[in-house]
1. For the list (1) open to solvent by less than 50 Å² (accessible area, probe 1.4 Å); (2) without any contact (Cβ under 8 Å) to a residue 60 or more places away in the chain, I need the number of the one condition that residue 93 fails.
2. What strands (runs of 3 or more DSSP E) lie completely within the stretch 1-85 and have 2 or more residues being open to solvent by 50 Å² or more (accessible area, probe 1.4 Å), touching a Gly at 6+ places or on another chain (Cβ under 8 Å) and acidic (Asp, Glu)?
3. So for the stretch 9-27 (the condition being in contact with a Pro (Cβ under 6 Å, 6 or more places away or on another chain), among the small types (Gly, Ala, Ser) and modelled with pLDDT of 90 or more), does at least one residue qualify?
4. Give all pairs with beta carbons closer than 6 Å in which a residue from the stretch 26-38 that is within 21 Å of residue 11 (Cα to Cα) meets a residue that is open to solvent by 30 Å² or more (accessible area, probe 1.4 Å) and acidic (Asp, Glu); count only pairs at least 6 apart in sequence or on separate chains.
Amino acid sequence: GVDHGLAGRNSTFYIQARDLYRNKRRGGKDAWMIVLHDEDEVEYILGTFDYEGDGIYAASVTPLVSGKNSLSVTLDGIHIKGSPFVMNVRYASVDGPSSVVVAEQ
């Protein structure tokens, strides 16, 4: 979803495209964009969109940085309603090869 995620795991949500008068759009050629920013506002990932039909798009993003991320969803550079969203990303499982010794006694 847009409000939570797990580092390294794909998160999917759906968008219903509408026109200025809130009519459902029927075409699938809209120029959507997803961008994730970490807590330091560093942009680090772009998402993807797949047209499902009837004006509905499946939006996917894979967060990599744990903590509060900012998830922006835009159409032609303009935020959709509610964007940017706060995406709380949880840590992934511990990984031995990524772990390090930090101090010796």
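The values are calculated or read from the model by the stated rules, or taken from the named source; none is laboratory data. A quick note: this is a predicted structure, and the numbers were derived from the prediction, not measured. Note that we place each Cβ from the backbone using ideal geometry, even for glycine, and neighbour counts take in every protein chain shown. The accessibility values were calculated without ligands, DNA or RNA, using every heavy atom of the protein model including side chains. Shrake-Rupley method; radii C 1.70, N 1.55, O 1.52, S 1.80 Å.
1. Single failed check for residue 93: (1).
2. none
3. Residues of the stretch 9-27 in contact with a Pro (Cβ under 6 Å, 6 or more places away or on another chain): none.
Looking through the stretch 9-27, none of the residues is in contact with a Pro (Cβ under 6 Å, 6 or more places away or on another chain), among the small types (Gly, Ala, Ser) and modelled with pLDDT of 90 or more.
4. Close Cβ pairs (under 6 Å, with a partner that is open to solvent by 30 Å² or more (accessible area, probe 1.4 Å) and acidic (Asp, Glu)) amount to 31/76; 35/43; 37/43.
Yes or no, residue by residue, for (1) closer than 30 Å to residue 21 by Cβ; (2) of a type in the set (A, V, I, L, M):
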| site | (1), (2) |
| --- | --- |
| 42 | no, yes |
| 50 | yes, no |
| 64 | no, yes |
| 70 | yes, no |
| 80 | yes, yes |
| 83 | yes, no |
| 91 | no, no |
| 105 | no, no |
